[in-house]
Amino acid sequence: MTCSSVVNTNALYTECDDLQEAGLYAPNGIICGGVWSSTPSTHWSSVAFCQAFLSSTNTYVEAFYDCNVSQIRFTWSSGGIWGTTSDNGYTQNLRCYY
């Protein structure tokens, strides 16, 4: 997993900008158009992802959803299993709240 930059507020959230796994973005499965949303993706568990990678028990996540052509995206299940799916939008940035 890589981020082009990480913002860590220590009190509120950790934000991963340009989130990718093996060169793939996560799908959003919801909306496109360059917006922040607290609606979770139907294709992957961003809450479980934040909990696993930050060793946190948070339950609130915001994602910046953007669009581009349909491509393969990475997925992450709450059981910690990586996978892939196709989606026309992607999760560009992810904020994991504490």
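See the values below:
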item: Failed condition for G34, given (1) under 19 Å from S5 (Cα atoms); (2) free of Cβ contacts under 8 Å to residues at least 60 places away in the same chain; (3) surrounded by 13 or more Cβ atoms within 10 Å (Cβ to Cβ); result: (3)
item: Restricting region 46-66 to residues that are over 12 Å from L94 (Cα atoms) and modelled with pLDDT of 85 or more, the residue that is surrounded by the fewest Cβ atoms within 10 Å (Cβ to Cβ); result: A52
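The values are calculated or read from the model by the stated rules, or taken from the named source; none is laboratory data. Predicted, not measured: the structure shown is a model, and the values here were computed from it. Cβ atoms come from the backbone with ideal geometry, glycine included; neighbour counts cover every protein chain shown.
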